[in-house]
Amino acid sequence: MAEGAKGLFARFRKKKEEKPADKKGPIEIHEPHAPAYSESIGKLFPTRIKYRGLYDLDGLYRLMSNWLRQRRYRVYETLYKSKPPELEIRWTAEREKSGFVMEVITIYYHSYGEYDVDVVINGRKKKMTNARMILTLGGDIKAPYEDIFGRPRWTANATERRLLNLFRNWFVKRDLESVYWDTLYYELQKFQGAIKDFLRMEAKGNIYESKPSE
């Protein structure tokens, strides 16, 4: 019975074809296989805010920046592309929770419209934006994150990657998924709510002053 089982499993095993050694050629160096690796634990499903109408772009810029910095995020602007009437802005906000875990929030702003519209607010003129806007918010957990030089850690060789996967999948998996991941999810929802409240306030009380045609 045992011999039959061995023969059955042997059929499904893939035998590697051994290449004949070249006696005159160089000696082949054995390179151990390194397991797959990713810094990201799992990205949050992105949320979108769509808006069309008048709003203060500079005020929205300040709101998002202050909201993130008050929660100890470091904000980096990775893209600013202006081709009127189109505008694209991309931000990355990072917060170190420990020496191993980093929370990341990504922001992508894309609008199409006018960016210097004269508006009367409480008897005063103000420059506003009148555009169609899509704001995409995303989140991610990195464990471990890069060092101060931007180099990945604990991935120098196959042994380090195996130890890293063992540590993440067995020792800290529950904390990563139930503590850090959930906390970032609810924080991202609050961030989305703050942006929506700002846009609702901007939609109230604005009087559009059309420019006379020449």
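Observations on the structure shown:
Listed here are the residues, each with its yes/no results for (1) among the small types (Gly, Ala, Ser); (2) modelled with pLDDT under 90; (3) over 23 Å from the mean Cα position of the chain (by Cα).
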| residue | (1), (2), (3) |
| --- | --- |
| Lys127 | no, yes, yes |
| Ile134 | no, no, no |
| Ile141 | no, no, no |
| Pro152 | no, yes, no |
| Ala156 | yes, yes, yes |
| Leu163 | no, yes, yes |
| Glu177 | no, yes, no |
| Glu202 | no, yes, yes |
| Asn206 | no, yes, yes |
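- Taken as a whole, the structure places Ile134 among residues that are part of a strand (DSSP E or B) and among the hydrophobic types (A, V, I, L, M, F, W, C).
- Residues that are part of a strand (DSSP E or B), out of contact with any Asp or Glu (no Cβ under 6 Å at 6 or more places or on another chain) and not aliphatic (A, V, I, L, M) within the range 137-163 comprise Gly138, Gly139, Asp140, listed in sequence order.
Listed here are the residues, each with its yes/no results for (1) over 23 Å from Lys142 (Cβ atoms); (2) surrounded by 14 or more Cβ atoms within 10 Å (Cβ to Cβ); (3) of a type in the set (S, T, N, Q).
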| position | (1), (2), (3) |
| --- | --- |
| Ser65 | no, yes, yes |
| Gln70 | no, no, yes |
| Thr78 | no, no, yes |
| Trp91 | no, yes, no |
| Glu103 | no, yes, no |
| Lys127 | yes, no, no |
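- Test result for Ala10, at pLDDT below 80 and either under 18 Å from Lys190 (Cβ atoms) or not in a loop (DSSP other than H, G, I, E, B) (or both): yes
- Any pair with Cβ under 8 angstrom, 6 or more apart, that starts in the range 56-73 at a residue that is among the small types (Gly, Ala, Ser) and ends at one that is modelled with pLDDT under 95 and surrounded by 15 or more Cβ atoms within 10 Å (Cβ to Cβ): Gly59/Phe198; Gly59/Glu202
- Exactly one residue out of Tyr61, Tyr37, Tyr80 is in a helix (DSSP H, G or I), at pLDDT 65 or above and of a type in the set (Ser, Thr, Tyr), and it is Tyr61.
The values are calculated or read from the model by the stated rules, or taken from the named source; none is laboratory data. From a predicted model like this one, the values you see are computed outputs, not experimental measurements. Neighbour counts run over all protein chains shown; Cβ positions are idealised from the backbone, glycine included.
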